[in-house]
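Peer 1: Got a structure here, written out as structure tokens. Questions coming.
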Amino acid sequence: MEEKFKMAVRFHFIPALINIAGSVYIFGSREIMEFIGYAIGTALGIILSLVWLYQVKKGMGINALGLIKITFKAFIVKVLFFLVFIIGVYNIFQFSRTYFAAAFFVAVFISAIIELWFYASTVKKN
């Protein structure tokens, strides 16, 4: 399981690097509001991936049901953070909601694939 966890950590660099590259592209080719939205979505996606990795590291050695609970709770937390940022933080900081949602979607979608792979490969191994 430790080896799979290390692979999951490495795989979580994929959405982070994709979104960072997207942020650099948007910084050079779009308006500042769009860049800020994409950068905030990127940062939030990275933070939530780190939270999931921390939860899994803390829960190493638990059974398959415990892992699936961590995975689904993490997804629910991601959706709640998305709603809080879209509704609440937008009133404090002005940014493009569309670009924020795009960056966040890329991060969550790829992370969900990685998290489900981790769960499936861990359960299959056991």
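The values are calculated or read from the model by the stated rules, or taken from the named source; none is laboratory data. Being a predicted model, the structure only gives us computed values, none of them experimental. Positions of Cβ are backbone-derived with ideal geometry, glycine not excepted, and every protein chain shown enters the neighbour counts. To get the accessible areas, we keep the full protein, side chains included, count just its heavy atoms, and leave off ligands, DNA and RNA. Shrake-Rupley method; radii C 1.70, N 1.55, O 1.52, S 1.80 Å.
Peer 1: Could you give the length gained on full extension between residue 76 and residue 32, defined as 0.36 nm per residue of separation minus the Cα-Cα distance, in nm?
Peer 2: Numbers: separation 44, 0.36 × 44 = 15.84 nm, distance 3.00 nm.
Stretched fully, the residue 76-residue 32 segment lengthens by 12.8 nm.
Peer 1: Right, another one. Would you mind checking the tilt of helix 97-125 against the longest principal axis of the Cα atoms of the chain, expressed as 0 to 90 degrees and rounded to 10?
Peer 2: So the helix axis and the longest Cα principal axis differ by about 10 degrees.
Peer 1: Based on alpha-carbon centroids, what's the gap between region 1-54 and region 58-106 in Å, whole number please?
Peer 2: 13
Peer 1: If you fit an axis through the alpha-carbon atoms of helix 64-84 and take the longest principal axis of the Cα set of the chain, what angle between them do you get, 0 to 90°, nearest 10?
Peer 2: Roughly 10 degrees, rounded to the nearest 10.
Peer 1: Separation between the residue 120 and residue 50 pseudo-spin-labels, each 7 Å from Cα along Cα→Cβ, expressed in nm?
Peer 2: About 2.9 nm separates the two model spin labels.
Peer 1: On to the next question. Taking the Cα-to-Cβ direction at residue 14 and at residue 65 and moving 7 Å from each Cα, how far apart do the two end points lie in nm?
Peer 2: Each label point lies 7 Å from its Cα, and together they span 3.1 nm.
Peer 1: In addition: Regarding region 30-85, what's the average projected area of the Cα-atom convex hull, expressed in nm²? Present the calculation step by step, with values, prior to reporting the outcome.
Peer 2: On the way: hull surface 16.5 nm².
So the mean shadow area of the Cα hull is 4.1 nm².
Peer 1: Within the set of other residues whose C-beta is less than 12 Å from the C-beta of residue 51, count the net charge using Lys and Arg as +1 and Asp and Glu as -1.
Peer 2: Working: positive: 57, 58, 73, 78; negative: 115.
Taking every Cβ under 12 Å from that of residue 51, the sum is +3.
Peer 1: Where in region 36-51 is the amide nitrogen less than 14 Å from a point lying 7 Å along the Cα-to-Cβ axis of residue 94?
Peer 2: 36-37
Peer 1: Same structure, new question: What is the helix-to-structure angle for 13-29, meaning the angle in degrees between its Cα long axis and the longest Cα principal axis of the chain, kept from 0 to 90 and rounded to the nearest 10?
Peer 2: 10
Peer 1: Turning to a different aspect of this structure: What base-10 log of the normalised intensity I(q)/I(0) is obtained for the chain from the Debye formula, alpha carbons as equal point scatterers, at q = 0.21 Å⁻¹?
Peer 2: Relative scattering, expressed as log10 I(q)/I(0), comes to -1.10.
Peer 1: Also: Among 34, 3, 115, what's the order by accessible area (1.4 angstrom probe), most exposed first?
Peer 2: The ranking, largest first, comes out as 3, 34, 115.
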